[in-house]
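Notes follow the structure.
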Amino acid sequence: MEIYLDTANVEEIRKAAQWGVVSGVTTNPSLVAREKRDYREILEEICALVDGPISAEVLSLDAEGMVKEARELAKIHPNIVIKIPMLPAGTEAVKRLAEEGIRSNVTLVFSAPQALLAARAGAAFVSPFIGRLDDIGQDGTAVLADIVQIFRNYQVETKIIAASIRHPWHVLEAARLGADIATVPFAVLEKMYQHPLTDRGIERFLNDWKNAFEYQKV
Ligand code: G3P
């Protein structure tokens, strides 16, 4: 399973790219709003840092507007993928964009039938929001499991991005279920590295080395 970063913060992306584990980035209007910077400029910088799919979201709610926005965003870099909300107008835009060779990522997906519609329209990616389902007392990973199963049944080529990830356990579940990608906030990526035994192990190795070195010097 690939790991994407779910952020519009260029510094976070720079760090994660240096760590060598991230193969794409997803952004959304809320994440961009936090940065208080020009979206186009942010996207250009992200594309220079990560050589993989970079999702940029449209704001229009009608197909014509979505397609227009998508064409502009797609001009920024060949790696730009257009995030389109799960609506009838959205699937219309996805189909039209696919015909033009522009890849889409259908977002705000909360059920398997919605994911199936996105795939039928020709979306390159579909993003079920696991955490937001859990937040309202539903089972986000169960929805993800259904989508994986359905896409397998019919050899659907649309890639599944497990999104709205809240903690490393969500990443583990997504990988177990067979999602293609998990897009994670930077804080979750940091947590994925952490284990108390790793810290204790490093401390012990360094202490043993230090003690041996000091012993030799005596
Ligand atoms: O980028 C889409 C999704 O991952 C947003 O997650 O945390 O706002 O539910 P969240």
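Listed here are the residues, each with its yes/no results for (1) under 22 Å from Thr107 (Cα atoms); (2) open to solvent by less than 50 Å² (accessible area, probe 1.4 Å); (3) of a type outside the set (Phe, Trp, Tyr).
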| position | (1), (2), (3) |
| --- | --- |
| Ile3 | yes, yes, yes |
| Ile13 | yes, yes, yes |
| Gly20 | no, no, yes |
| Arg34 | yes, no, yes |
| Ile42 | yes, yes, yes |
| Ile46 | yes, yes, yes |
| Leu49 | no, no, yes |
Practice task
Go through (1) small (Gly, Ala, Ser); (2) open to solvent by 20 Å² or more (accessible area, probe 1.4 Å); (3) within 17 Å of the chain's Cα centre (by Cα) and name the single condition Ala123 misses.
Solution key: (2)
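Collect the residues in region 127-163 that are among the polar types (S, T, N, Q), closer than 20 Å to Val81 by Cβ and either surrounded by fewer than 22 Cβ atoms within 10 Å (Cβ to Cβ) or more than 15 Å from the ligand (Cβ to nearest atom) (or both), keeping them in residue-number order. Write out each step before concluding.
Residues of region 127-163 among the polar types (S, T, N, Q): 127, 138, 141, 149, 153, 155, 158.
Next, from what is left, pick out any that are closer than 20 Å to Val81 by Cβ: 127, 158.
The one that is among the polar types (S, T, N, Q), closer than 20 Å to Val81 by Cβ and either surrounded by fewer than 22 Cβ atoms within 10 Å (Cβ to Cβ) or more than 15 Å from the ligand (Cβ to nearest atom) (or both): Thr158.
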Completion exercise
Among helices (runs of 4 or more DSSP H) entirely within region 1-70, at least 2 residues that are farther than 28 Å from Pro168 by Cβ and away from the ligand (no atom under 16 Å from the Cβ) occur in 39-49
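Would you point out which residue out of Ile76, Ile84 is open to solvent by less than 10 Å² (accessible area, probe 1.4 Å) and in contact (Cβ under 8 Å) with a residue 12 or more places away in the chain?
The conditions single out Ile84.
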Exercise for the section: Kindly indicate the residue of region 173-199 that is in a helix (DSSP H, G or I) and of a type in the set (D, E, K, R) and also most open to solvent (accessible area, probe 1.4 Å) among those meeting that condition. Expected result: Arg176
Problem - Matching entry among Ala70, Ala112 (being open to solvent by less than 70 Å² (accessible area, probe 1.4 Å), of a type in the set (Gly, Ala, Ser) and closer than 22 Å to Ser30 by Cα) - result: Ala70
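The values are calculated or read from the model by the stated rules, or taken from the named source; none is laboratory data. Keep in mind that this is a model prediction, so the values were computed, not measured. Virtual Cβ from ideal backbone geometry, glycine too; neighbours counted across all protein chains shown. Just so you know, the surface numbers come from the protein's heavy atoms only, side chains and all, with ligands and any DNA or RNA stripped out. Shrake-Rupley method; radii C 1.70, N 1.55, O 1.52, S 1.80 Å.
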